[in-house]
1. Inside the stretch 38-63, can you point out the residues that are within 16 Å of S105 (Cα to Cα), hydrophobic (A, V, I, L, M, F, W, C) and crowded, with 21+ Cβ neighbours inside 10 Å?
2. Kindly provide the set of residues from the stretch 70-84 that are buried (at least 16 other Cβ atoms within 10 Å of the Cβ) and in contact with a strand residue (DSSP E or B) (Cβ under 8 Å, 6 or more places away or on another chain), ordered by number.
3. How do the strands (runs of 3 or more DSSP E) wholly within the stretch 17-122 filter down when requiring 1 or more residues that are in contact (Cβ under 8 Å) with a residue 40 or more places away in the chain and of a type in the set (S, T, Y): which remain?
4. Out of the stretch 17-73, which residues are farther than 19 Å from G85 by Cβ, more than 14 Å from the chain's Cα centre (by Cα) and among the hydroxyl-bearing types (S, T, Y)?
Amino acid sequence: MTQAGVSDAGESAKAKTAPGNVIGAAWDALGSVYDPELGLDVVSLGLVYDVRDENGTVVVEMTLTTEGCPASESIQEMAQAAIAGAIGSPATAVDLRIVWDPPWSPAMMNDDAARALGFPIP
C-alpha cells in the first residue's frame, strides 16, 4: 500500500479492465482504496453503492462507516485520485457523492472483510 492509502494494485487497474470500460476501471480503482482505520478496501467493506456513467461523467455513490468518520476527507480524496488515475483520461470527470441512505451496516461487507474484522459469517 502506498502512503496515500491506495494500494499498488490501483496502478494496474487499467491493465485489468477492458479498454473503454470506464465503469469497470472505476470499480477496480475503488478496490485499491483502503480505509486507513480498518485496513480494508472500500468495496469489500460495502461502502460503494453505485458507479455509473451520467453523460460522460463517472458518478460514484458511496458512504462511510459513520457520519463522523475521521477519515472521511482522506477516503474521498483517495477514491477520487484512484479513479482519475485508472481512467487515465482528463476528459472524463468524476463526481464522487457521499450518501447516508441507506446507512452502512456491517452486513454490507463481503465475507472476507467481515472475517477480517471478526464478524461471524453465517
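Just so it is clear, none of the values below were taken in a lab; they were calculated from the coordinates. This is a predicted model, so every value here is computed, not measured. Glycine also receives a Cβ, built like all others from the backbone with ideal geometry; neighbour counts cover every protein chain displayed.
1. V42, L45, L47, V48, M62
2. Once the filter is applied, which keeps residues that are buried (at least 16 other Cβ atoms within 10 Å of the Cβ) and in contact with a strand residue (DSSP E or B) (Cβ under 8 Å, 6 or more places away or on another chain), the stretch 70-84 yields I75, Q76, M78, A79, Q80, A81, A82, I83, A84.
3. Here the list reads 48-54.
4. Result: T66, single match.
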